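Since the structure comes first, as C-alpha cells, the remarks are kept for the end.
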Amino acid sequence: MTRFPLLSAAALCGAILSGCAQTAPDARSGDPHAMQLMSAGQATCLATTPGQNEQGAAATNALRRSAGLPPVRPSPVLAQVAARHACDMAQRGRMTHLGSKTTGPGPRVKAAGYAPSVTAENIAAGPFSQGRVLAEWNGSSGHRANILIPQVRDYGIGQAIGPDGKTRFWAAVYAAPR
C-alpha cells in the first residue's frame, strides 16, 4: 500500500507557502496537488544529519504518542530518500509527490533497498525551518493522517534549497518494512 497525503491548499498556501508566488495545481502531471513555485535551476541539495532526522522523529513521535501509537525510528535510508526527493523538487522548482524518474515515495524507497509494506510522504516548500515545517504538518489533517498511520515504524526527512536561494523544499518519508 502506498499512501499519498492530501495537500490542503489552505494549509500549504497559507502556512507553508506564504510569501511565495504560486501557480495553480497541474492535474495533467499526474499529481493534482503539484505546484510549480519557480523556474527550474541550480538547487542546493543538503544531506540530512542524524540530529535533523532525530528531531523530525521526535516531533512525529510526540503526535503518535498522543494518539496511542508506537514510535517511529529515525532511518538513515529514509532520510536519504527524502533528501533526494527534496533535491529533485528544488531543482525543478516544483512541489510534487512525483519524482523526475519515479511515481511516488514507494518506488523511491524500494530503489534505496528498503522493502516497504507501507509508505507515505509529506512535502512542503517555503522559507521555513525544520521545526516550523514539522509543526505545520502536525497541524494539517492530511499530513497528520500520514504521520498517524498505525503500521509506520521508520521515518526520514530531507530538505533542499531552491534556485531562488530562499525556498526550502521538504520531504518526509514514513514507512514500515515487510
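We did not get these values from a lab; they are worked out from the coordinates using the rules stated. All figures in this text were calculated on a predicted structure; none of them were measured in a lab. Methodologically, a virtual Cβ is constructed for each residue, glycine included, from the backbone with ideal geometry; neighbour enumeration extends over all protein chains shown.
The charge dipole of region 107-159, taken about its Cα centre with unit charges on the Cβ of Lys, Arg, Asp and Glu (plus for the first two, minus for the last two), comes to roughly 60 debye. Using Cβ point charges alone (K and R +1, D and E -1), the dipole size of region 19-178 about the Cα centre works out to roughly 240 debye. Go ahead and collect, in residue order, the members of region 150-178 whose backbone nitrogen is under 11 Å from a label point 7 Å along the Cα-Cβ direction of Thr44. In region 150-178, the label zone of Thr44 (backbone N under 11 Å from the point 7 Å along Cα→Cβ) covers 160-168. A cut-off of 5 Å between modelled amide H atoms, ignoring neighbours fewer than 5 places along the same chain, links Leu37 with Arg94, Met95.
What is the antiparallel percent of DSSP beta bridges lying wholly in region 40-177, to the nearest 5? Counting DSSP beta bridges with both partners in region 40-177, the antiparallel share is about 90 percent. For Arg153, the residues 5 or more places off, or on other chains, whose built amide H falls under 5 Å of its own are Ala175, Ala176.
Relative to one another, the C-alpha centroids of region 148-171 and region 69-121 are positioned 9 Å apart.
Only Cα sites of region 34-105 enter the Debye sum here, all with the same form factor; the resulting log10 I(q)/I(0) across q = 0.12, 0.17 1/Å is -0.42, -0.74, listed in q order.
For region 61-112, applying the loop criterion from DSSP together with a ceiling of 16 other beta carbons within 10 Å to the trypsin sites (Lys or Arg not before Pro) yields Lys101.
Size estimate for region 40-177 follows the Kirkwood approach: the inverse of mean 1/r over distinct Cα pairs works out to 14.5 Å.
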